[in-house]
Every structure is written in structure tokens, then in C-alpha cells.
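Here's the structure, in C-alpha cells; my notes come after.
The values are calculated or read from the model by the stated rules, or taken from the named source; none is laboratory data. Owing to the predicted nature of the structure, the values given are computational and were not obtained by experimental measurement. Cβ: placed from backbone, ideal geometry, glycine included. Neighbour counts: every protein chain shown.
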Amino acid sequence: MFFPRPRPVLLAALSLVIALLCAPAVPAAADSPTRMPEQLVDAAQVLDRRQHSEVTAALARLSDDGDLQLWVIYVRDFGDLSAQEWGQKTEELSELGYRDVLLAISVDDKSYYLGSAEPIEGLPAGALREVAESAAAPAIRDGRWAAAALDTADELHEPSSRLWLWLGGVLVLLVLAAAAAFTMRRRRTARAAAQLAEASGEVLTVDELARQPLEVLEPWSSELLVHTDNAVSISGDELTLAVQESGPDAVADYTDALTAAEAAVVAAFRLRRMLDEQSGLAAAERRSLLVEIISMCADANSGLDARAPGFDAVRRLLDQPAPRLDALAERAAAMPDDITAARDDQHILERRFGGPVAESVHGNIDLAIELVQFADDALAQGRDAIADAADLPDQTLAAIRSAECALDTAGRLLDAVTDVRGNLALIGDQSEGSAVATAHVAAAESFIDTRRGAVGTAARTCLSEAERLLSEAGPNERAIALATEALALGRQDVAAWKVGHRDDGAPVLTGVLVDVVISQAEDASTQLGSGGFSSGGRSPGSFGGADTSGRIGTGGRR
């Protein structure tokens, strides 16, 4: 658990590698029909937090007060499928049935599908077409994404509204125009960021940063905060391995660098929380806080980056690589027993417990199994690299770190199942108190840490505040509420991520593989395949800041 420390004084000048923050977005591939894990999936990321909450509440009211369940999914592109084909396939994959209605929206071309997998008594197909034309279509046409779902839910909510479908009356509809403005602002931000990167030569001072518009600073700060938080987590994971191998004295300097980076990230999340809670701040105040967040993250990254080369020398992963691979293979071979034990704990959870803490480990075992297979593939490729007459150190190194990361993360996923079972058994029927707060915060920490490739700023900010309250013996009920919110937001992020990243799998979702953000060396083409090293700009994570934590496999080590 991270503890807050005094915020560092900002330096007079700041160097930033803007490529991480504002590289032009790569056009997204078409979204395939998918199994919806929840009633609301925002894979296109067109809803802000308030809109997401409002739509979720509207869907819950429709389910509670009426006799229908409305499922809503936003994606970027239906691809080569028609809206009806895409929607019907998603209904099939999601096993939607009687009294389930699906609203699927493609935001790029503003096409949509509203229908039901089975006929619904009292709501014939003609009535659904009327709802689509009067409620969904106008909002979608105008880019009012939240309103499309809210208006559709309103139309379906009351039995009298269905009678209206045939009488031709008019309901007063709730319209949220903020979604359209938000979408347009994101597009302007991407253009402005790309132009700024080119004009700045990829280096900004604090004063130059402070002159940027808010619509540029907001996404920059959020993206950098997530990348930095991930870099700190990855560095902590590998530092733990280094301590086990070499002892704490050998890595004391790196521990100090990590502690300073942790403190900077905690302070940055406090500022992010302040921005979220105080929506009425003047533009100048918001700009100042955003610049400070970016500066703190830059300081944290630079401190870790400076230590990265020396840390590589401490670990010496290429000294006797064959015994390292053998030791990792032994760990992988023992994992099935751990998986069996975790399954037993999961069965107990399913029979005896419910709620967000128990739900936080749903899917952990499947992720762990996938990571063990990934580790096995990496180990096989590492042995091939050693046996190759050409001597391929980059592939060997990437294989070792891939397997290490995968097995460590698989272990944490399985341990979390056991920990949750133990915590819930300990607190029993209690609904408040420090033990309950600790269980909720621990569950949120574990979920976000093991899904770090998908979870965004909002969930992490709630978790950081919950950790602070718990460490300072603050109000337990507030810590519980924040941890619960962090879990809910994290689950939403993961659900949305799965829709747009169907081919990436557990190694990317869990953060075993990270985006490569440093410049590619000339010999960076030495890459493993789909097992030990994923091409397409990802590599196993290592100690360092956001600029260097993905250096393995890119020619960055020898």
C-alpha cells in the first residue's frame, strides 16, 4: 500500500517525451460481435463518468420497475456486418433471451440496432421500431450517445409508453448534449496534441506546458498518470525479484528511487481527485493542477529511468540463462496444483458469499491459466534462442522476463482468490469497521493491479483515495465506498477493453506485456513470436519509468 508524502517542489524546467502522450491515434479495427459481460458496455469510450452512472441507473430502473432488461453497447465500427447482423450475433453470444432488448451503436458511422432475440409479449416488433425511430435514432444522429440509451430506456419504462407507440403521443425526453461536445473535444485534442508534438520538438518546459489549452492538458495528464502508475507497479514487481536474488542492500538505491516515484504518483492522484471533486474550479486553477500532475509524473518517470541501466546490471538475467529457464519451468509445472486449490476456494466463494469483494476475483483462474500457457510458450522460445547458432540474446532475455512476469502475475491472481475467501470468512456478516474496509480496499487493489492494461484513471483515483483513508485511519465507510466505486469503474474499463482488444488476451490485460514507447533500435527486429514477446509494439515490462519499462526486446539491452 502506498502512503502519501509531501509533494515535491516543481523544477523550473521540465523535459517531456511527448511521443508517449500525444502520438496520433492508430485507426481502430472493426469491433467484432461480443459476449456482453454487463448491461452497459462502452467500448467506444464516449460516456464520461457521470453519463455512465446515469445510463446504468436508468437501465437498473427499467429492470426493477418494469419487466424488461435493456442492454446497451457502444462500439466504434460494426465492420463488414450490417447493424442487424452485428446486433443479432451479439445477442446470440450474450445469450440474451425473453424480455431482453439490445441497443448496439456504432459511433463512427452512427448506425445502430435495437431489437430482441425473442418476441416480447406486449412489445411487438413494430413497437420496437417506433422506439428506435423516435428515441434512439435522433440522439444517435446528433451524436448524443448517453441520450440514445436514456431516451430508449424512458420509452420502454412504463407500460403507458408502449400504448403511446400506437396512439402517437409525445413524451418529454431527457437529452444530454454533453456527449456530443465530449466526442468533438476528443477529436480536437488529438489534432492539437499531434501539432504540439511536432512544433515542440518533443520537449516542453513547465512554462510552455502551462500555456497549453485545457482540452490538451486533460487527456495528457490522465494518460501519463496511468502510464506512470503502471511503470511504478512494474518496477515494484521486478524489484521484489531482485531483493529475493541479491538481498535488500544490493538494491537500496533502486528502492529509494521507487519510493520517491510512489510518493509522486500518490500526490498526483490526490490532485486528480481534487480536480474530479471540484468541477467549479476556474480555468487557471485547473491548468495549474494539470501541469503539476504532469510534472510529478515526469519526475517519477525520470527518477526510475535514470536507474534502469544499473538495475539491468544487478539482475544479470543473461548470466546462465539456461538454469533460469529451468527454474521458471519448475514454477510453471507446479502451477496446476495452485490452480486446483484456487478452484476450491472459488467454489466456496460462489456458494457462500456475494458482493463486490467476492466478485472481484471472478475470472482470475481463467486469466492465470492463460498466463501459465503464455509462460510455457515463452520458455520454449527462450530455449530455441539459446540453441540457435546465431546467439540471440534479445530473444532469450525477452523470454525470461515474459515467463517471470506471467508466472508472478498468475500467482497473484490465484492468491487473490484465497485471500478474498479468507477475508470474507473473517468479517462474516459485518458491514462496517476496519476489517471490512481493509477487505474492500485489498480487493480493489488486486483487481486493478492484475488488470492494469485496461483500467483507466477514474478507478485508480478512487483506489488511491481509499488507500489513503485506510492508511490514515480515516472514515471506514468512506474507504469502503471508494473501494467499491473503484471496483465498479475498473470492471467497466475491463469490459470495454475486451470488446476492442479481443486478440490481445491475458498478457496485455494483466500488464505482463506493455507498450513499447522508446525509440526502436536498429536491431529491434529481433523479437519472439506470439509467446515470449508480442510484436506490434509490446514487450515484457521491466524496472524503469514509462519511457523505459518496455525496453526489453527492442534492442535496449545487451
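Count of segment 450-469 residues, restricted to those that are more than 14 Å from Leu482 (Cβ to Cβ) and in contact with an Asp or Glu (Cβ under 9 Å, 6 or more places away or on another chain), is 7. From the set of residues in segment 82-111 that are assigned to a strand (DSSP E or B) and within 26 Å of the chain's Cα centre (by Cα), which is surrounded by the fewest Cβ atoms within 10 Å (Cβ to Cβ)? Going through the qualifying residues, I end up with Leu102. In segment 41-68, what residues are of a type in the set (A, V, I, L, M) and either assigned to a helix (DSSP H, G or I) or touching a Pro at 6+ places or on another chain (Cβ under 7 Å) (or both)? Of everything in segment 41-68, those that are of a type in the set (A, V, I, L, M) and either assigned to a helix (DSSP H, G or I) or touching a Pro at 6+ places or on another chain (Cβ under 7 Å) (or both) turn out to be Val55, Ala57, Ala58, Leu59, Ala60, Leu62. The residues of segment 309-320 that are in contact (Cβ under 8 Å) with a residue 12 or more places away in the chain and either touching a Ser or Thr at 6+ places or on another chain (Cβ under 9 Å) or not in a helix (DSSP H, G or I) (or both), listed by number, are Phe311, Asp312, Val314, Arg315, Leu317, Leu318. Look at (1) part of a loop (DSSP other than H, G, I, E, B); (2) at negative phi; (3) modelled with pLDDT of 90 or more and you find that Gly143 fails only one, number (2).
Scan segment 271-293 for residues that are within 19 Å of Glu465 (Cα to Cα) and in a helix (DSSP H, G or I) and the total you get is 11. Comparison of Arg460, Arg478 shows that the only residue that is charged (D, E, K, R), assigned to a helix (DSSP H, G or I), touching a Leu at 6+ places or on another chain (Cβ under 9 Å) and buried (at least 24 other Cβ atoms within 10 Å of the Cβ) is Arg460. The condition of being among the hydrophobic types (A, V, I, L, M, F, W, C), in a helix (DSSP H, G or I) and either exposed (fewer than 15 other Cβ atoms within 10 Å of the Cβ) or at positive phi (or both) holds for only one of Ala358, Ala306, that being Ala306. So which pairs qualify, if the first residue must be in segment 450-473 and more than 21 Å from Asp504 (Cα to Cα) and free of Cβ contacts under 8 Å to residues at least 12 places away in the same chain, the second must be among the β-branched types (Val, Ile, Thr) and assigned to a helix (DSSP H, G or I), the Cβ gap must be under 7 Å, and the two must be at least 6 apart or on different chains? Here the result reads none, with nothing in segment 450-473 linked to a residue that is among the β-branched types (Val, Ile, Thr) and assigned to a helix (DSSP H, G or I).
Let's see how each residue does on (1) at pLDDT below 90; (2) assigned to a helix (DSSP H, G or I); (3) outside the structural domain of Ser53 (by TED's automatic domain parsing):
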{"site": "Asp419", "(1), (2), (3)": "no, yes, yes"}
{"site": "Leu426", "(1), (2), (3)": "yes, yes, yes"}
{"site": "Asp429", "(1), (2), (3)": "yes, no, yes"}
{"site": "Val455", "(1), (2), (3)": "no, no, yes"}
{"site": "Glu467", "(1), (2), (3)": "no, yes, yes"}
{"site": "Gly474", "(1), (2), (3)": "yes, no, yes"}
{"site": "Lys498", "(1), (2), (3)": "yes, yes, yes"}
{"site": "Asp503", "(1), (2), (3)": "yes, no, yes"}
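Taking the criterion of being surrounded by fewer than 18 Cβ atoms within 10 Å (Cβ to Cβ) and under 16 Å from Leu62 (Cα atoms), the only residue of segment 122-147 that qualifies is Gly122. When segment 361-378 is filtered for residues that are among the polar types (S, T, N, Q) and either surrounded by fewer than 18 Cβ atoms within 10 Å (Cβ to Cβ) or without any contact (Cβ under 8 Å) to a residue 60 or more places away in the chain (or both), only Gln373 remains. Among the residues of segment 103-114, not one is touching a Leu at 6+ places or on another chain (Cβ under 6 Å) and farther than 16 Å from Pro138 by Cβ. One residue stands out in segment 267-292 among those that are crowded, with 20+ Cβ neighbours inside 10 Å and touching a Ser or Thr at 6+ places or on another chain (Cβ under 6 Å): the one that is nearest to Asp237 (Cα to Cα), namely Phe269. Candidates in segment 410-437 are the residues that are more than 24 Å from Gly511 (Cβ to Cβ) and not small (Gly, Ala, Ser); of these, the one that is surrounded by the fewest Cβ atoms within 10 Å (Cβ to Cβ) is Asp429.
I'd like to know if segment 379-399 contains one or more residues that are buried (at least 21 other Cβ atoms within 10 Å of the Cβ) and of a type in the set (D, E, K, R). Full working, then the answer.
Looking only at segment 379-399, we keep the residues that are buried (at least 21 other Cβ atoms within 10 Å of the Cβ), and these are 379, 381-382, 385, 394-399.
In the following step, the residues that additionally are of a type in the set (D, E, K, R) were identified as 394.
The answer is yes, given that some residue of segment 379-399 is buried (at least 21 other Cβ atoms within 10 Å of the Cβ) and of a type in the set (D, E, K, R).
Residue pairs whose Cβ atoms lie under 6 Å apart, separated by 6 or more positions or on different chains, with the first residue in segment 231-245 and within 11 Å of Arg401 (Cβ to Cβ) and the second β-branched (Val, Ile, Thr), do not occur. Checked against (1) under 26 Å from Ala250 (Cβ atoms); (2) surrounded by fewer than 20 Cβ atoms within 10 Å (Cβ to Cβ); (3) not assigned by TED's automatic domain parsing to the domain that holds Ser221, Ala334 passes all but a single condition, namely (1).
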